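Scroll down for the structure; my scribbles are underneath it.
The values are calculated or read from the model by the stated rules, or taken from the named source; none is laboratory data. What you see is a predicted model; the values in this text were computed from it and never measured. Here the Cβ is made from the backbone with ideal geometry for all residues, glycine too, and neighbour counts use every protein chain on show. Surface accessibility is based on the protein's heavy atoms, side chains included, excluding ligands, DNA and RNA. Shrake-Rupley method; radii C 1.70, N 1.55, O 1.52, S 1.80 Å.
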Amino acid sequence: MLRRKARRDQGNDDPLDAAQERRVRAVLALGGVPQTDLPDGVQQVRLRLLERAAKGYEAPRDVSAWAAVVASNLAMDWHRAKRRQERLGERLASLRQLEHPSGEDTSVLSLAVAQGLDELPDSQRQVLVLRFYADLPVRSIADELGIPEGTVKSRLHTAVRALRARLHEDEVV
């Protein structure tokens, strides 16, 4: 009986469940990682979670939030390494889902938002993506990034204001 249980546990060694993996993929894509590199990014998050366990560290209180922050950091690293060589069109293609075809207005808005995100400093883009796309509360973002909640709020405020100004400037909204 113990062997069967051990075998069942071995078969379920994936530290990320399906919902967490989708969230990680979304954070990576919104962070600008191309569709072709998303599986590698998800694997990196899994690897870091497994390495953390192997080193004997306590499991994160909220694995989903921790994974989203790691994914956000990986996306920032990718940008630094690649110097933003990928075109905006590839980025938008990685976000578009086949089940939800978008109209012309949605495409224009998506393009404008993606361009606005590109223009934000890394720290502002990171908190904006974690808050509004990964749907993390301010407290979780602050805890995971190791910064005060006030700093998260300030970065969010500045990022939203800059993005709003960009959308008005482009006459999208």
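For residue 39, the criteria (1) at pLDDT 90 or above; (2) open to solvent by 70 Å² or more (accessible area, probe 1.4 Å) hold in every case but one, which is (2).
This table checks each residue for (1) in contact (Cβ under 8 Å) with a residue 24 or more places away in the chain; (2) under 17 Å from residue 130 (Cβ atoms); (3) of a type in the set (D, E, K, R).
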position	(1), (2), (3)
41	yes, yes, no
49	yes, no, no
54	no, no, no
79	yes, yes, no
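Every residue, every condition in (1) outside any helix (DSSP H, G or I); (2) closer than 22 Å to residue 22 by Cα; (3) at pLDDT 90 or above, yes or no:
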| position | (1), (2), (3) |
| --- | --- |
| 48 | no, yes, yes |
| 60 | yes, yes, no |
| 68 | no, yes, yes |
| 79 | no, yes, no |
| 102 | yes, yes, no |
| 114 | no, yes, no |
